[in-house]
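Everything on this sheet refers to the single structure shown next.
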Amino acid sequence: MAQAFSVSWFHMEPLDAQLLKELKQRFLSLRYSEELGYGFRGVLLEDSYLSAVLVKRTTTFIPQLDAAKGELVDREIFLFSETRFALDSEFRLVEVFGSSRDVPKVLFVLRPFFNTQFTFSPITLAPAKVIPILVGAGAEVTVDKLTVNNFQHREGIIGRYEMRLTVPALAMDIIQKYASDVSKSTISVSEPRSGRFTMNMGPGGRLTVRCHEDEINEVIGFLKVALLGGKE
C-alpha cells in the first residue's frame, strides 16, 4: 500500500564532506540534555549523507481546575518530539522529514552549529520548472490538482481556486499562465527505475511523495538528481 512521505528541502552553503565529519562527532556527543532541552540520536554518516534524529522538548500550558480556588489555572507541561533530518553535501542540502511544523525546530537547533557565513534558503519547487525537468529526465507526468492564487474566473471575479484537472493540455496552459501564482500542485509521475508515485509540491521547498515504503529512497534519489543536479 502506498504511503505519504513528507520532506522539506533547504539549500545550505557552504556544505562539504569535512563539515559532515565534524558535525557527526558533535551530534554524537550531544545526547538529549534537560539543560538544553534537545539532543540527537540515530546519528549516521554514509559517504556524503549525514542523518540524525532531533529529540526536542517544548513547553506548553494546559488549563487545569484549582479546586481550592474554584477556577482554572494554567499548568506547565512538557511535550517531546522526534524529527528526522539529514545534511547532504553532494547536493548542499538540508532535508527535514515530517510535518512542516518540525522545520523551524530543526533549523533553530542547527544554526548555532555554524558561523554567520552559512546560509539556509528554501528550494523553490514551481510546477512550471519541475514538470519539464522531470519529463526531460524520462518520466511521464500528469497534473492532477492545482491551487492557484489570484485566479480570474471572469472579469471582476478573482480569488484562490483549487482545481482538479482531467485534460493535461489545460493543466499546462494554466501553469504557464499563472506561473508564480500556482501555490500548490499534485502530479502523478511514472519513471522506469522509481516506478509510479504521486508528488505534492507546496511553498517553502516542501514536498510530499506518496509511494510504496520500499521505494521511497529510490524516488527521493531520482528527484534529487533530476531537480537539484548531481550524479546517481
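The values are calculated or read from the model by the stated rules, or taken from the named source; none is laboratory data. Everything quoted here is computed from the prediction, not taken from an experiment. Cβ coordinates were reconstructed from backbone atoms using ideal geometry, including for glycine residues, and neighbour counts include every protein chain displayed.
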Only one of these is buried (at least 17 other Cβ atoms within 10 Å of the Cβ), aliphatic (A, V, I, L, M) and out of contact with any helix residue (DSSP H, G or I) (no Cβ under 9 Å at 6 or more places or on another chain): Val141, Val94, Val106. Name it. Val106
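Within the stretch 190-201, how many residues turn out to be at pLDDT below 90 and surrounded by fewer than 17 Cβ atoms within 10 Å (Cβ to Cβ)?
The qualifying residues number 3.
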Could you say which residue among Ala179, Ala139, Ala169 is without any contact (Cβ under 8 Å) to a residue 24 or more places away in the chain, out of contact with any His (no Cβ under 8 Å at 6 or more places or on another chain) and over 17 Å from Val7 (Cα atoms)? Ala169
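Could you list all residues from the stretch 15-39 that are more than 20 Å from the chain's Cα centre (by Cα) and either in a loop (DSSP other than H, G, I, E, B) or hydroxyl-bearing (Ser, Thr, Tyr) (or both)?
Asp16, Ser29, Leu30, Arg31, Tyr32, Ser33, Glu34, Glu35, Leu36, Gly37, Tyr38, listed by residue number.
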Meets criteria (within 22 Å of Ala4 (Cβ to Cβ), among the aliphatic types (A, V, I, L, M), in contact with a helix residue (DSSP H, G or I) (Cβ under 6 Å, 6 or more places away or on another chain) and in contact (Cβ under 8 Å) with a residue 40 or more places away in the chain) for Val209: yes
Where in the stretch 86-187 are there helices (runs of 4 or more DSSP H), lying wholly inside it, with at least 1 residues that are out of contact with any Phe, Trp or Tyr (no Cβ under 7 Å at 6 or more places or on another chain) and of a type in the set (S, T, N, Q)? 168-178
Report whether or not Gly42 is within 22 Å of Arg101 (Cα to Cα), assigned by TED's automatic domain parsing to the domain that holds Val103 and within 21 Å of the chain's Cα centre (by Cα). yes
Identity of the residue in the stretch 1-41, among the hydrophobic types (A, V, I, L, M, F, W, C) and touching a helix residue (DSSP H, G or I) at 6+ places or on another chain (Cβ under 6 Å), that ends up surrounded by the most Cβ atoms within 10 Å (Cβ to Cβ): Phe40
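Every residue, every condition in (1) closer than 23 Å to Trp9 by Cα; (2) crowded, with 18+ Cβ neighbours inside 10 Å, yes or no:
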{"residue": "Val135", "(1), (2)": "yes, no"}
{"residue": "Thr147", "(1), (2)": "yes, no"}
{"residue": "Asn150", "(1), (2)": "no, no"}
{"residue": "His153", "(1), (2)": "no, no"}
{"residue": "Ile157", "(1), (2)": "no, no"}
{"residue": "Pro168", "(1), (2)": "no, no"}
{"residue": "Val182", "(1), (2)": "yes, yes"}
{"residue": "Ser188", "(1), (2)": "yes, no"}
{"residue": "Arg206", "(1), (2)": "yes, yes"}
How many residues of the stretch 43-90 are surrounded by fewer than 18 Cβ atoms within 10 Å (Cβ to Cβ), aromatic (Phe, Trp, Tyr) and touching a Ser or Thr at 6+ places or on another chain (Cβ under 9 Å)? The answer is 3
Yes/no for Arg101 being without any contact (Cβ under 8 Å) to a residue 60 or more places away in the chain and closer than 25 Å to Val209 by Cα: yes
Residues that are modelled with pLDDT of 90 or more, out of contact with any Ser or Thr (no Cβ under 6 Å at 6 or more places or on another chain) and basic (Lys, Arg): does the stretch 217-230 have at least one? yes
